[in-house]
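> This structure is in structure tokens; I'll ask about it shortly.
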Amino acid sequence: MSEPVHTVADTDAPHLGVLLVNLGTPDAPTPAALRRYLAEFLSDPDVVTLPRLLWWPILHGLVLRIRPAKSAEAYQRIWTAQGSPLLHETRAIAVALETELESKLHMPVTVATGMRYGQPSLTLAARELLDIVPSEVVVLPLYPQFAQATTGSTLKRLMALESATSALAVGHAIRDYHDHPAYIDALAASVREHWQQHGRGQKLLISFHGIPQQVANQGDPYPAQCARTAQLLGAALGLADTDWQLVFQSRFGPAPWLQPYTDVTLRQLAANGMKTVDVICPGFATDCLETLEEIAMRYADVFHDAGGDALRYIRALNARADHIRALAQIVCARLGKPEVPVLTVS
């Protein structure tokens, strides 16, 4: 006889569960840890859309032999006493969001942290929520702009998880919040604070993680949502169109990705005589390799080597109070508005 299925319907006690999801991180800044992480990440067909028969020999015969050591060096540049910045900042958001939601809703709230790749896994986070038997669950992927490679992959993974002994009814999944007023206000406040402390650069680059152009051509909403976020941020700051520019970073492989590229743009700006540039990355809710190493270190060197004086990176929102308030508003707005079917998770 199979074990009885445990569902949220087993209790009437009000208790909100929030499944807070981020992309993921290696366990350590070592080649072995990066090999494990990259093998999982780059095996996802939503991340690398090449046919498996073509991609598998490249991944296992070339990429996983060369890239782990290089990526480990990059992670070593940003690793802290608390470990991975992405994991540390995500956990800080979870703690603060739990407190904020309990204050707003006047009920117990549990925010469980899960990573799409690596640890703590989505499975572990789901089990944490099952232990408290919530009356409602909201899935909050920390991706303001929807992309199939991020939010889409996360929701697909949750749908694929199955168990004979436990099920979690997830009635509310947040697909994106790219134009939410509180999110835009928090971004604008972070830029203003940066300018108050460091002065205003000659241009604000609004940099997002890129995706392959072919994926965008197939109808992924990500490029349009990035553009909308950038436009709203520029307007909230009262900037003229010439004061800011939308750019895309983190391309991988030889195929064209969304353009203009951040590093190429920085070289062009420096060549044209620009000396100070501010860069914000609104697609990253937490600081991570792509912000702390790629932008603040590597691209700062690119700009300087091309003749610029200073690239000033504006940190991700992380656990800022206004960011937490914005996320709480987004979660509360989703309650009572289910858009996805019940998700079964192990």
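The values are calculated or read from the model by the stated rules, or taken from the named source; none is laboratory data. Computed from a prediction, not measured in an experiment: that's the story for all the values here. Using ideal geometry, Cβ is built from the backbone for each residue, glycine included, and neighbour counts are taken over all protein chains shown. Each accessible area value is taken on the protein alone, full model and side chains, heavy atoms only, with ligands, DNA and RNA left out. Shrake-Rupley method; radii C 1.70, N 1.55, O 1.52, S 1.80 Å.
> For the range 26-138, state the average projected area of the convex hull of the C-alpha atoms over all orientations, rounded to one decimal in nm². Walk me through the intermediate numbers first.
On the way: hull surface 35.5 nm².
For the range 26-138, the mean projected area of the Cα convex hull comes to 8.9 nm².
> Which ³J(HN,Hα) values, rounded to whole Hz and listed in residue order, are derived for the range 32-38 from phi using the Karplus coefficients 6.51, -1.76 and 1.60 in 6.51 cos²θ - 1.76 cosθ + 1.60 with θ = phi - 60°, glycine and proline given as x?
My calculation for the range 32-38 gives 5, 5, 5, 5, 5, 5, 5 Hz in order.
> Measure nothing fancy, just the Cα-based angle from helix 64-78's long axis to the longest principal axis of the chain, in degrees from 0 to 90, nearest 10.
The helix 64-78 is inclined about 80 degrees to the chain.
> Pop out the Kirkwood hydrodynamic radius of the range 173-315 from its pairwise C-alpha distances, inverse of mean 1/r, in Å to one decimal. Walk me through the numbers before you get to the answer.
Working: mean 1/r = 0.0647 Å⁻¹.
Hydrodynamic radius (Kirkwood, Cα only) of the range 173-315 equals 15.4 Å.
> OK, next. Quick one: compute the contact order of the range 21-162, relative version, from alpha carbon pairs under 8 angstrom and 6+ residues apart, as a percent. Working shown, then result.
Values: 137 pairs, mean separation 48.7, N = 142.
RCO, the range 21-162: 34 percent.
> In the range 213-287, carbon and sulfur make up what percent of the accessible area (probe 1.4 Å)?
Working: 1710 of 3300 Å².
Whole-percent figure for carbon plus sulfur exposure: 52.
> Taking the alpha-carbon set of the range 69-207, what are its Rg and Dmax in Å?
In order Rg, Dmax, the Cα atoms of the range 69-207 give 17.9, 59 Å.
> Using a/c under 1.5 as the rounded threshold, could you call the range 54-99 rounded, prolate or oblate? The axes a ≥ b ≥ c are square roots of the C-alpha gyration tensor eigenvalues, and prolate needs a/b larger than b/c, oblate otherwise. It would help to have the intermediate numbers written out before the result.
Numbers: a/c = 6.66, a/b = 2.12, b/c = 3.14.
It is oblate, given that a/c is not under 1.5 and a/b is not larger than b/c.
> For the residue pair LEU50 and ALA306, what label-to-label distance in nm results when each label sits 7 Å from Cα along the Cα-to-beta-carbon direction?
In this crude label model, LEU50 to ALA306 measures out at 2.8 nm.
> Let me know the charge dipole size of the chain about its Cα centre in debye, to the nearest 20, where only the beta-carbon of Lys, Arg (+1) and Asp, Glu (-1) is charged.
Values: 28 positive and 34 negative charges, 163 e Å.
In debye, rounded to 20, the chain gives about 780.
> Relative to the longest principal axis of the C-alpha atoms of the chain, give the angle of the C-alpha long axis of helix 321-334, reported between 0 and 90° and rounded to the nearest 10°.
50
> Further question on the same structure: How much length is gained on full extension from ASP243 to MET107, taking 0.36 nm per residue of separation minus their Cα-Cα distance?
Values: separation 136, 0.36 × 136 = 48.96 nm, distance 4.49 nm.
Here the answer is 44.5 nm.
> I would also like to ask the following. Please compute the alpha carbon radius of gyration of the chain, then divide it by the globular-protein estimate 2.2 N^0.38 Å. Two decimals is fine.
Numbers: Rg = 20.6 Å, N = 346, 2.2 N^0.38 = 20.3 Å.
The reported ratio for this selection is 1.01.
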